[in-house]
Amino acid sequence: MTNHQINQIEPKITKKDINSINTYLKKDNWITENKFTLEFENRFKKYTGSKYAVAFPNGTLTLLGILKSLNLKKNSKVIIPNITMVATATSVKLAGFNPIFADVEKKYLCMCPTDLEKKVKQKNVKAVIYVTLNGRSGNLEKIKKICKKYKIYLIEDSAHSIGSFLKNKHHGNFGIASSFSFSMPKIITTGQGGMIVTNSKKIYKKLKLIKNFGRAQAGNDDYISEGYNFKFTDIQAILGISQLEDITARVKKKKYIFNYYHKYLKKIKKINFLEFKKNETPWFIDIYVDDKNNLKSHLKKNNILTRDIYPPLNKLKFLSNEREKLPISKNYSDKGLWLPSSLNLSKKNLDYIINCIKEFYEN
Ligand SMILES: Cc1ncc(COP(=O)(O)O)c(C=O)c1O
């Protein structure tokens, strides 16, 4: 038994990160959004290979910002996958639209193209938010084709997707715009934080206005259009820049953690893993088991914390009145468990967790 608790996730903040913040505070202390936010945006768009990047306070307001930038009509509907973090849905509500839930695919837990094609024909469907859940691409290219066929916007929610590529293109470059999150559990974190990437100059310009009270420039009161305060801070940008410099190592460690669990647990027939393709980066280590609650309590007794995968969103009363049966999301949500996935996990921690899981299945 380990005497310290192994969290399901914790941030990795290095000495270099801390030194960067200290240096910044000593030299250049505007704190609010300024030249380092611009630098972070520039480095992020270079990393994702996108034309434009705009920093936002978090990965919920990024989705709201994108939806606002599209000027959709009042009663528009937006199709989202039924398994995702609730923010994908609540951002649609916050923008004043109705979310419609599509089932996910067994193999990847991303939106199912067949279910999308059924629902896209409904009146007033104007956009899809496709979530590359846990860094998996799923059938993103098929989804893109469907969106093109029905002339609706494809928005990517890439909150989990830093370090994930589809055919050498980083996630976030397949639709009109894409949202990333830098909240505490993410591969790089600024505490809270978000980024929108887009290859459309028009959308980029709108987003810049939306985040800055509708002003073309900060520090004046020339309001060109409706806007809000969705600005970032330079102190967060300093942290983001420092972590982005280490992105290769962070991505490598996530892949190592997944491969390590997989190598030692794949022989247990009662544990199912979903596959990752070569250029995809696992964010959380997800397993699918029938006896999830018992496994969870066994691990908890041994000081190991896990987390349930998201509930099917169409069951949440505040999001939807429809009670359509979406069997794949229900089934995989019931079984899905996220194992400890922190970048700080040592080999010793991993061996300990793996042994505890084996012990559960062997007894
Ligand atoms: C898929 C997904 N979308 C959106 C969000 C919201 O991001 P944030 O917490 O930065 O608002 C999250 C948060 O984890 C998420 O997992």
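The values are calculated or read from the model by the stated rules, or taken from the named source; none is laboratory data. As the structure is a prediction and not an experimental result, all values here were calculated from the model. Heads up, the Cβs are rebuilt from the backbone with ideal geometry, glycines too, and the neighbour counts pull from every protein chain shown.
So here's what we get for this one:
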| quantity | calculated |
| --- | --- |
| Odd one out for Ile143, checked against (1) over 18 Å from Ser181 (Cβ atoms); (2) more than 16 Å from the ligand (Cβ to nearest atom) | (2) |
| Any pair with Cβ under 7 angstrom, 6 or more apart, that starts in the range 322-345 at a residue that is within 21 Å of Gln243 (Cβ to Cβ) and in contact (Cβ under 8 Å) with a residue 12 or more places away in the chain and ends at one that is of a type in the set (Phe, Trp, Tyr) and part of a loop (DSSP other than H, G, I, E, B) | Ser341/Phe284 |
| Among the residues listed as Ile235, Ile285, Ile304, the single one being surrounded by 13 or more Cβ atoms within 10 Å (Cβ to Cβ), free of Cβ contacts under 8 Å to residues at least 60 places away in the same chain, closer than 25 Å to Ile13 by Cβ and touching a helix residue (DSSP H, G or I) at 6+ places or on another chain (Cβ under 8 Å) | Ile285 |
| Test: Lys142 is basic (Lys, Arg) and either assigned to a helix (DSSP H, G or I) or at pLDDT below 95 (or both) | yes |
| Long-range neighbours under 8 Å by Cβ, at least six apart or interchain, first residue at pLDDT 95 or above within the range 207-222, second in a helix (DSSP H, G or I) | Leu207/Gly65; Leu207/Ile66; Leu207/Ser69; Ile210/Gly65; Ile210/Lys68; Ile210/Ser69; Lys211/Gly65; Arg215/Leu209 |
| Condition check for Asp290: outside the structural domain of Glu105 (by TED's automatic domain parsing), surrounded by fewer than 13 Cβ atoms within 10 Å (Cβ to Cβ), at pLDDT 95 or above and not in a helix (DSSP H, G or I) | yes |
| Close pairs from the range 137-151: first under 16 Å from Gln122 (Cα atoms), partner not aliphatic (A, V, I, L, M), Cβ under 8 Å, at least 6 apart | Ile146/Pro113; Ile146/Glu117; Cys147/Tyr153; Cys147/Gly175; Tyr150/Lys121 |
| Strands (runs of 3 or more DSSP E) wholly inside the range 56-132 that include at least 2 residues being away from the ligand (no atom under 14 Å from the Cβ), in the same structural domain as Gly175 (by TED's automatic domain parsing) and touching a Ser or Thr at 6+ places or on another chain (Cβ under 9 Å) | 98-102, 125-131 |
| In the range 136-190, the residues that are more than 24 Å from Lys253 (Cβ to Cβ) and among the hydrophobic types (A, V, I, L, M, F, W, C) | Leu140, Ile143, Ile146, Cys147, Ile152, Leu154, Ile155, Phe174, Ile176, Ala177 |
| Residue, farthest from the ligand (Cβ to nearest atom), within the range 170-203, restricted to residues that are within 25 Å of Ile285 (Cβ to Cβ) and in a strand (DSSP E or B) | His170 |
| Cβ-Cβ under 6 Å pairs, at least 6 apart or on other chains, the range 164-193 side closer than 25 Å to Asn344 by Cβ, far side acidic (Asp, Glu) and within 16 Å of the ligand (Cβ to nearest atom) | Ser164/Glu280 |
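Table: residues versus (1) in contact (Cβ under 8 Å) with a residue 60 or more places away in the chain; (2) touching an Asp or Glu at 6+ places or on another chain (Cβ under 8 Å); (3) more than 17 Å from Val131 (Cβ to Cβ); (4) not β-branched (Val, Ile, Thr).
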{"position": "Thr37", "(1), (2), (3), (4)": "yes, yes, yes, no"}
{"position": "Phe44", "(1), (2), (3), (4)": "yes, no, yes, yes"}
{"position": "Lys51", "(1), (2), (3), (4)": "yes, no, yes, yes"}
{"position": "Leu67", "(1), (2), (3), (4)": "yes, no, no, yes"}
{"position": "Met85", "(1), (2), (3), (4)": "yes, no, no, yes"}
{"position": "Phe101", "(1), (2), (3), (4)": "yes, yes, no, yes"}
